[in-house]
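The values are calculated or read from the model by the stated rules, or taken from the named source; none is laboratory data. Keep in mind that this is a model prediction, so the values were computed, not measured. All Cβ positions, even for glycine, are placed from backbone atoms using ideal geometry, and neighbour counts span all protein chains on display. In case anyone asks, the SASA skips ligands and DNA or RNA and just uses the protein heavy atoms, side chains included. Shrake-Rupley method; radii C 1.70, N 1.55, O 1.52, S 1.80 Å.
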Amino acid sequence: MKKFAEKNLERALDLLNERLVFERSGVAFYDKILEVMAASKDAGILQMIPQMKEHRDQEKEHEEWLEEQIRALGGDAHAETERSRLVTLEAEGIKEVIDVDFGLPHLFHALLQAELSDNAGWQLLLELADEAGDDEAREAFRTRLHHEDEHLRMMREAVSTFARRDVLGEQAVPMPTGP
């Protein structure tokens, strides 16, 4: 991670703090949606819970890993930075949907938006690590991007399943589960 951050430590920490804030938000989003899912009577929804818990746990691991990386670089994992403030504001809209609208189609749609942003954030980190020639950071970012790719795929499938049900009247469409 040192090569990744050597040219501009302050900006690298800002970028890592941005990801950290978003990962913290992601854990909270998953926790709320899992709570709503657990109350469902729909077998397809209940069947998704183990995979959703795995995704939530991966988001938590990303959060903890980022905290470690920020500290290792001499940064503060709770610092408010330019980019962390930006991502906090962006996440507020998603949080509002999740806090206000308990309909699962809308919750999954909001989580899809979060996963799109999360995926793009990890992709950017991967590209920067690659350009910096930081093999260790590249592999760590690639691993987490792979997780985010799985999360994004599942959310796309879930949103698509709800849309097919609502638009085409397909009632027995199975909900997505594992990879």
- Item | Residue that is farthest from residue 30 (Cα to Cα) [pool: residues in the range 90-118 that are open to solvent by less than 10 Å² (accessible area, probe 1.4 Å) and of a type in the set (Asp, Glu)] | 118
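Residues being among the small types (Gly, Ala, Ser), farther than 27 Å from residue 96 by Cβ and part of a helix (DSSP H, G or I): count how many of those fall in the range 110-134. Don't jump to the end; show me each part of the working.
If we filter the range 110-134 for residues that are among the small types (Gly, Ala, Ser), which is where we start, we get 110, 114, 117, 120-121, 129, 132-133.
Of the ones still in play, those that are also farther than 27 Å from residue 96 by Cβ are 129, 132-133.
Okay, now just the ones that are also part of a helix (DSSP H, G or I), so 129, 132.
Qualifying residue count for the region: 2.
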- Message: When you scan the range 67-84, do you find a residue that is under 26 Å from residue 156 (Cα atoms), open to solvent by 30 Å² or more (accessible area, probe 1.4 Å) and not β-branched (Val, Ile, Thr), even just one?
- Response: no
- Task: Only one of these is among the charged types (D, E, K, R), assigned to a helix (DSSP H, G or I) and touching a residue at least 12 places away in the same chain (Cβ under 8 Å): 99, 57. Name it.
- Result: 99
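Quick check on the range 1-52: of everything there that is assigned to a helix (DSSP H, G or I) and basic (Lys, Arg), which residue is most open to solvent (accessible area, probe 1.4 Å)?
Start the filter on the range 1-52 by keeping residues that are assigned to a helix (DSSP H, G or I), which leaves 2-5, 9-38, 43-52.
Then keep just the ones that are basic (Lys, Arg); that gives 2-3, 11, 19, 24, 32.
Details: 2: 140, 3: 103, 11: 120, 19: 4, 24: 65, 32: 52 Å².
Filtering the range 1-52 for residues that are assigned to a helix (DSSP H, G or I) and basic (Lys, Arg), the one most open to solvent (accessible area, probe 1.4 Å) comes out as 2.
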- Message: Just the residues that are open to solvent by less than 70 Å² (accessible area, probe 1.4 Å) and more than 17 Å from residue 60 (Cβ to Cβ), please, taken from the range 133-148.
- Response: 133, 134, 137, 138, 141
